[in-house]
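As structure tokens, the structure follows; a few thoughts come after it.
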Amino acid sequence: MKQSLLKKMLLYFSAVLLLFSLAIGIVFSLLFARHSQEVHQEEMQKRAMALAAAIPAMEEATKILQAEDERYTAAGSQPTEMVPGRRHGHHGRMMMHQGWCRRQYSEPNDNAAAFFQQLNELGEGDVWLVSAGSRMIRSYGAEKEDILTDLPPEAEELIADVLQGEAAQSRAFSPLLGTPAITVAAPIYQNGQISGAVLLHHPLKNMEEAQWQGIRLLGLSLLLALLLTAALALILARHFTRPLLRMQQTARAFASGDLTARTGIRQQDEIGQLAADLDTLGAELEQSRTERQDFLTAISHELRTPLTVLRGTLELLWQDLTSTPEQKSRCQKQAMSSLTTLERLVGDLLELTRLQNPGFTLHIEKLNVTEAFQDAIRQVQIIAAAKQIEIAADFSAPMLIEGDYGRLRQLLVILLDNAVKFSPEKTAITVEQQLLPTGWQVSVTDQGCGIPPEELPHIFDRFHSRQGRENRQGTGLGLAIAQEIAQHHGLQLTCESELGQGSKFIIRAE
């Protein structure tokens, strides 16, 4: 059981952590990629603007570009057809198309090629210069021939925007570069006028490599965190299941008959409460077993005495050992008395068992308990008259309750019968009513011998009976039955007594 629960907890923890890690990884990857591109584009834009600001200050570069413009203008300022691969001296290869001409400088000894190569190094990418006046695009070609046909519409828009003085960025030049790339553009100002623009291209694969490095670092971090968390989850799961294992062992001890076993768990949570309930269950089971053993011992003792007397009497009669009719009559009376005691004992046992049965139901009705108690007094007065005992009752107000009329009458009969039994002749028993702020109480007071203090806590136990001439025929179950009836009605039955001063039984309803 423990291993299964432990595995389930680890599985749940791992699943939650894995899903959380995947969610974090996906969100981080998207945000990191977007942030990386934004940062990279900002850096590219800054480099492009720095190059655009620095180029007019380079006198040598300006002379080279002006010379190239003059050469292009001399060759024809508005080219309308494409002449692929047409060479113009040692300066490079010229491709003309629909109003734009791109020139690539590739020979290392060429001053223009060296200049563009330096621009690429400063810009950390592929730098193109766009001339507004001659409509030329110049770049370092690295001895690579690249013939253009038409610029993509988005590329045309980017060049138009930057020549209007707006910094721009786009990915429209990717087909021309042969790889996915980002292009940023910055205008070149000379004498307050826009003379051209700087186009800085950077392949996306370089940014993707940086992004993958970040993602790999995140993945390793998440994997390490997952392993550490799994180890911590294992420790926590063991800490969680350890009390459950102890409770399981305690329950198995109960099943094997060891009701003294306890969990020993002291936690201020649901598991601690469950362990406390299990310990309480063990204590109650142990108490029930002790009570059952005491009950069997007591009932065996109570049955043995009348059965022994009855057997001895019957043996005398069977063996005809009685010599006179008086002895025979005395034996018959003794046998009848023993049978009466057995009958009363068995009846009380059945009554108590019935009351303690969880399925026992009362005939509940709304009634005035005063009527039931007055009926009980009339029933006991016949017994009290034999000892010349007066029962004085004072019921000045009705006492309404929902209960069983017969059982409530039986409750007071038991208390009155007990009071008559232990009261001397020619005394009085007082039944007094008292109304309380939240209910009422009825007390039965006698002038008997009282109850010793050490016996007072046990008078409602089964088979607890006082020894003496007054209680020769008592079964020790009367007060236990009375307590059960009181509890079934939600009443409190208590006793106050002093040895030699009489006893007072109190029925309280709140």
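The values are calculated or read from the model by the stated rules, or taken from the named source; none is laboratory data. Predicted, not measured: the structure shown is a model, and the values here were computed from it. Cβ atoms come from the backbone with ideal geometry, glycine included; neighbour counts cover every protein chain shown.
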Residue pairs qualifying under the 6 Å Cβ cut-off, at least six apart or on distinct chains, with the first in segment 497-509 being in contact (Cβ under 8 Å) with a residue 60 or more places away in the chain and farther than 15 Å from LEU416 by Cα and the second being among the aliphatic types (A, V, I, L, M) and surrounded by 13 or more Cβ atoms within 10 Å (Cβ to Cβ), are ALA509/LEU491
Filter segment 125-151 for residues that are part of a loop (DSSP other than H, G, I, E, B) and touching a Leu at 6+ places or on another chain (Cβ under 7 Å); the one that is modelled with the lowest pLDDT is LEU148
Within segment 220-233, restricting to residues that are over 30 Å from ALA33 (Cα atoms) and loosely packed, with under 15 Cβ neighbours inside 10 Å, the one that is farthest from the chain's Cα centre (by Cα) is ALA231
Checked segment 185-219 for anything surrounded by 18 or more Cβ atoms within 10 Å (Cβ to Cβ) and closer than 21 Å to ALA57 by Cα; matches are ALA185, ALA186, PRO187, ILE188, SER195, GLY196, ALA197, VAL198, LEU199, LEU200
- Message: Being at pLDDT below 70 and either surrounded by 13 or more Cβ atoms within 10 Å (Cβ to Cβ) or over 38 Å from the mean Cα position of the chain (by Cα) (or both): is that true of SER14 here?
- Response: no
| Of the residues that make up segment 192-209, is at least one under 25 Å from GLU38 (Cβ atoms), touching a helix residue (DSSP H, G or I) at 6+ places or on another chain (Cβ under 7 Å) and in a helix (DSSP H, G or I)? | yes
Tell me, yes or no, whether segment 419-440 has at least one residue that is under 15 Å from ALA482 (Cα atoms), in the same structural domain as GLU484 (by TED's automatic domain parsing) and surrounded by fewer than 22 Cβ atoms within 10 Å (Cβ to Cβ). no
The correct count of residues that are touching a strand residue (DSSP E or B) at 6+ places or on another chain (Cβ under 6 Å) and at pLDDT below 85 in segment 152-166 is 0
ALA261 meets each of (1) without any contact (Cβ under 8 Å) to a residue 60 or more places away in the chain; (2) part of a helix (DSSP H, G or I) with one exception, condition (2)
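Can you report the number of residues in segment 385-395 which are assigned to a strand (DSSP E or B) and either acidic (Asp, Glu) or surrounded by fewer than 11 Cβ atoms within 10 Å (Cβ to Cβ) (or both)? Even if it seems obvious, please write down each step before you answer.
Going residue by residue through segment 385-395, those that are assigned to a strand (DSSP E or B) are 390-394.
Subset that is either acidic (Asp, Glu) or surrounded by fewer than 11 Cβ atoms within 10 Å (Cβ to Cβ) (or both): 390, 394.
Result for segment 385-395: 2.
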Taking segment 396-431 and keeping residues of a type in the set (A, V, I, L, M, F, W, C) and either in contact with a Lys or Arg (Cβ under 8 Å, 6 or more places away or on another chain) or assigned to a strand (DSSP E or B) (or both) leaves LEU400, ILE401, VAL420, PHE422, ALA428, ILE429, VAL431
Could we say that LEU339 is under 30 Å from GLN410 (Cβ atoms), in contact with a helix residue (DSSP H, G or I) (Cβ under 9 Å, 6 or more places away or on another chain) and not polar (S, T, N, Q) here? yes
- Is there a residue being modelled with pLDDT of 85 or more and either of a type in the set (A, V, I, L, M) or assigned to a loop (DSSP other than H, G, I, E, B) (or both) anywhere in segment 457-471? yes
Among GLU343, GLU365, GLU326, GLU351, the single one that is in contact (Cβ under 8 Å) with a residue 12 or more places away in the chain and either in the same structural domain as GLN483 (by TED's automatic domain parsing) or loosely packed, with under 14 Cβ neighbours inside 10 Å (or both) is GLU365
- Query: Taking the stated definitions as given, is THR313 crowded, with 16+ Cβ neighbours inside 10 Å, in the same structural domain as ARG462 (by TED's automatic domain parsing) and among the hydroxyl-bearing types (Ser, Thr, Tyr)?
  - Reply: no
TODO: Return yes or no: is GLU402 out of contact with any Pro (no Cβ under 6 Å at 6 or more places or on another chain), surrounded by 14 or more Cβ atoms within 10 Å (Cβ to Cβ), at pLDDT 90 or above and over 22 Å from LEU349 (Cα atoms)?
DONE: no
The condition of being within 28 Å of LEU342 (Cα to Cα), modelled with pLDDT of 90 or more and not in a loop (DSSP other than H, G, I, E, B) holds, among GLN487, GLN434, only for GLN487
